[in-house]
Amino acid sequence: MSVEPSLVRSVEALREQVDVWRRSGLKVGLVPTMGALHEGHLTLVRAALAECDRAVVSIFVNPRQFAPTEDFALYPRREADDLAQLALAGVQLVFMPPVEVVYPEGFATAVTVSGSLTQGLCAPFRPGHFQGVATVVAKLFLQCLPDHAYFGEKDWQQLQVVRRMTRDLDIPVAVVGIPTVREPDGLALSSRNHYLSPAQRETASVFPRALREGIERIEAGDPVEAALGAMRDRLAASGFSPIDYVDLVDAVTLEPVRSLGERPLRLAAAAWLGRTRLIDNWPVVTGAGAR
Ligand code: PAF
């Protein structure tokens, strides 16, 4: 049996409910989303419900993180289906603000995380994206003031940007990263996978495979540039175009890495299949931890 979560659309109503919980000593977890929920989101929700006494899910398709050429208008919106899934999952509160509540007339503030976190990987291909994400996440944190907030590791760069922003602004929220949920063929779940045609969906399985093969080569000691080049060739030969990037980076600073040491690394890639942009990343284990 599922119990409908309360649905609030104003910051006042959100704060009122979260205040009551916090004054009763209950721990609150927030899962920020843009809706079109899938198993990846539900995994975040389950983690919030397991670690906290109450879970809040926000659903807001944030216009400020889409460049003018991107898919803001097209981005899937499935309010009724999302609410049904959240009821089944046992979420207590859903925050679904209209755009004028998040960005009222005269809104003039932006949160920018600068430096290596927003220089490479997706940043040059999505101008303004991480500023839009940091701004809306800072707002959601301050509106809700949860104890914990949950993000998927599929958006690794986003997770590092949110961690940095939260630390730099002394926002008292523990940011929790949750491993990527994948289809049986390895494709990372994403709301944008719905854009893929059946034929593209088949081809899409090459994407995680190419990353896995790249990791095996790097972990086996192949030169990094050669492994990255082989991955790019593999993706291009399968019809991915353009390939925005394939890169090996320090997992925390996101600076490109070409010679391996003991630090945690991530292999990350973004490439287009028709009008769908796929992104993914995996940890790379080298040095003492290597197989
Ligand atoms: O990952 C997402 O769905 C969005 O970038 C987020 C974190 C909800 C901010 O709009």
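The values are calculated or read from the model by the stated rules, or taken from the named source; none is laboratory data. All figures in this text were calculated on a predicted structure; none of them were measured in a lab. So basically every Cβ, Gly included, is an ideal-geometry build from the backbone, and we count neighbours across all protein chains shown. We work out accessible area using only protein heavy atoms, side chains counted, and drop any ligands, DNA or RNA first. Shrake-Rupley method; radii C 1.70, N 1.55, O 1.52, S 1.80 Å.
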Neighbours by Cβ (under 8 Å, 6+ apart or cross-chain): first from region 131-148, under 19 Å from ALA67 (Cα atoms); second near the ligand (Cβ under 8 Å from one of its atoms) and in a loop (DSSP other than H, G, I, E, B): GLY132/ASN62; VAL133/ASN62; VAL136/PHE60; VAL136/ASN62
Residue in region 149-164 that is farther than 21 Å from GLY274 by Cα, open to solvent by 30 Å² or more (accessible area, probe 1.4 Å), away from the ligand (no atom under 12 Å from the Cβ) and modelled with pLDDT of 95 or more present: yes
Residues within region 86-129 that are within 12 Å of the ligand (Cβ to nearest atom) and either of a type in the set (D, E, K, R) or in contact with a Cys (Cβ under 8 Å, 6 or more places away or on another chain) (or both), tallied: 3
Selected residue (only one of GLY274, GLY214, GLY186 is modelled with pLDDT of 95 or more, crowded, with 20+ Cβ neighbours inside 10 Å and closer than 21 Å to CYS122 by Cβ): GLY214
Lone qualifier among LEU260, LEU254 - being in contact with a Ser or Thr (Cβ under 9 Å, 6 or more places away or on another chain), open to solvent by 50 Å² or more (accessible area, probe 1.4 Å) and either more than 23 Å from LEU117 (Cβ to Cβ) or aliphatic (A, V, I, L, M) (or both): LEU260
Residue count, region 165-176 (criterion: of a type in the set (Lys, Arg) and either open to solvent by less than 40 Å² (accessible area, probe 1.4 Å) or modelled with pLDDT under 95 (or both)): 0
Some residue of region 101-111 being more than 19 Å from the chain's Cα centre (by Cα), surrounded by 14 or more Cβ atoms within 10 Å (Cβ to Cβ) and not in a helix (DSSP H, G or I): yes
Number of positions in region 52-73 that are aliphatic (A, V, I, L, M), open to solvent by 10 Å² or more (accessible area, probe 1.4 Å) and more than 14 Å from the ligand (Cβ to nearest atom): 1
Residues being within 11 Å of the ligand (Cβ to nearest atom) and open to solvent by 10 Å² or more (accessible area, probe 1.4 Å) - total across region 138-148: 2
Selection within region 178-218 - free of Cβ contacts under 8 Å to residues at least 12 places away in the same chain and of a type in the set (Gly, Ala, Ser): ALA199
Test: residue in region 240-256 that is at pLDDT 95 or above, of a type outside the set (Ser, Thr, Tyr), in a loop (DSSP other than H, G, I, E, B) and over 17 Å from ILE279 (Cα atoms): yes
Count - residues of region 189-211 that are out of contact with any Leu (no Cβ under 9 Å at 6 or more places or on another chain) and either at positive phi or modelled with pLDDT under 95 (or both): 1
Residue match in region 197-205 (condition: under 21 Å from CYS52 (Cβ atoms) and open to solvent by 30 Å² or more (accessible area, probe 1.4 Å)): no
Residue that is in a loop (DSSP other than H, G, I, E, B), touching a strand residue (DSSP E or B) at 6+ places or on another chain (Cβ under 6 Å) and either more than 19 Å from ALA138 (Cα to Cα) or open to solvent by 70 Å² or more (accessible area, probe 1.4 Å) (or both), where the choices are LEU49, LEU26, LEU7, LEU37: LEU26
